[in-house]
1. Quick one: count up the residues across segment 168-226 that are loosely packed, with under 15 Cβ neighbours inside 10 Å, β-branched (Val, Ile, Thr) and assigned to a helix (DSSP H, G or I).
2. Looking at segment 24-50 only, could you name the residues that are of a type in the set (A, V, I, L, M), surrounded by fewer than 21 Cβ atoms within 10 Å (Cβ to Cβ) and farther than 19 Å from ARG118 by Cβ?
3. Being assigned to a strand (DSSP E or B) and polar (S, T, N, Q) is the filter here; which residues of segment 75-113 pass it?
4. Which strands (runs of 3 or more DSSP E) does segment 1-74 wholly contain that include 2 or more residues that are within 13 Å of the ligand (Cβ to nearest atom)?
5. Starting from segment 167-190, keep only residues that are of a type in the set (Phe, Trp, Tyr), then list their pairs with residues that are within 12 Å of the ligand (Cβ to nearest atom) whose Cβ atoms are within a distance under 9 Å, requiring at least 6 positions of separation or different chains.
6. For segment 156-167: of the residues being surrounded by fewer than 18 Cβ atoms within 10 Å (Cβ to Cβ) and within 14 Å of the ligand (Cβ to nearest atom), which is nearest to MET93 (Cα to Cα)?
Amino acid sequence: MRKNLVVAIDGYSSCGKSTLAKALAKKLGFIYIDSGAMYRAVTLYFLRNKIDMNDHEVVKDALQHIELNFHARDYQSHITLNGEEVSEEIRKMPVSEAVSPVSAIKEVRREMVKQQQRMGRSKNMVMDGRDIGTAVFPDAQVKFFMTADPKIRAERRYKEMVAKGDTDITLEEVFENLAHRDYADTTREESPLTRAEDAIILDNTELTEEEQLTFALEKVRPFLPA
Ligand code: DC
């Protein structure tokens, strides 16, 4: 039995995993780790350095030159890639379009999982991603598997992007990108997105952020020290 409490949140793209994870971490005073940001930062490095993803030796070598770090500020996760703050750049379309194939590379997954497991060794934390409850922390005390109607997910994501000033994108493009990533994430060979048998399903199509937080807190509460 692990001594520190780990809450694993997995699920499809843009169904509010990070919103819930951040809110939970804040409420509980836990660390929040956005594992998707790690795959996105690796993707950004690959794009910038024109890494040939089909060449395993090149990929392995590139991974040696990548250092990722999280900086918690107000429970917003900020990630640095070799010391450079890249939190905004990794959310833009070029990275979103390239991240699925990068996250399917065996060497990339091995390295990320190793780093994530190291982070979760001693501290109480909430981590969100696609394989947290299945591959990274199969022994996490609480696991959620999140889902929501694909149209609603695309609308939420689109609004978020427009609010950030990403105006040269259409709702259809966002919908297509999500559908494509869902397909790639669930069908890849290396730890595909699946629900851990002991994960609690959370469909938030018709839930407010407040309601989903209340639901999740109720599930975590029994594991908190008295
Ligand atoms: O959660 P996100 O959309 O920021 O994740 C970006 C991509 O990274 C997503 O398409 C799948 C991949 N990913 C993964 O394979 N495993 C994780 N634990 C987290 C993300």
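The values are calculated or read from the model by the stated rules, or taken from the named source; none is laboratory data. Nothing here was measured: the structure is a model prediction, and the numbers come from that model. As a convention, Cβ positions derive from the backbone with ideal geometry for all residues, glycine included, and neighbour counts pool all protein chains shown.
1. So the count comes out to 3.
2. LEU28, LEU47
3. GLN76, SER77, THR80
4. Of the strands (runs of 3 or more DSSP E) lying wholly inside segment 1-74, those with at least 2 residues that are within 13 Å of the ligand (Cβ to nearest atom) span 6-11, 31-34.
5. PHE175/ARG153; PHE175/ARG157; TYR183/SER100
6. If we take residues in segment 156-167 being surrounded by fewer than 18 Cβ atoms within 10 Å (Cβ to Cβ) and within 14 Å of the ligand (Cβ to nearest atom), then GLU160 is nearest to MET93 (Cα to Cα).
Yes or no, residue by residue, for (1) at pLDDT below 95; (2) of a type in the set (A, V, I, L, M, F, W, C); (3) closer than 30 Å to ILE201 by Cβ:
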{"residue": "VAL58", "(1), (2), (3)": "no, yes, no"}
{"residue": "HIS65", "(1), (2), (3)": "no, no, no"}
{"residue": "HIS71", "(1), (2), (3)": "yes, no, no"}
{"residue": "ASP74", "(1), (2), (3)": "yes, no, yes"}
{"residue": "GLU84", "(1), (2), (3)": "no, no, no"}
{"residue": "SER100", "(1), (2), (3)": "yes, no, yes"}
{"residue": "GLY120", "(1), (2), (3)": "yes, no, yes"}
{"residue": "LYS123", "(1), (2), (3)": "yes, no, yes"}
{"residue": "MET127", "(1), (2), (3)": "no, yes, yes"}
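Quick grid of which residues meet (1) within 12 Å of the ligand (Cβ to nearest atom); (2) more than 26 Å from VAL6 (Cα to Cα):
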{"residue": "GLU84", "(1), (2)": "no, yes"}
{"residue": "SER103", "(1), (2)": "yes, no"}
{"residue": "GLN115", "(1), (2)": "yes, no"}
{"residue": "VAL126", "(1), (2)": "no, no"}
{"residue": "LYS143", "(1), (2)": "no, no"}
{"residue": "ALA148", "(1), (2)": "no, no"}
{"residue": "ILE152", "(1), (2)": "no, yes"}
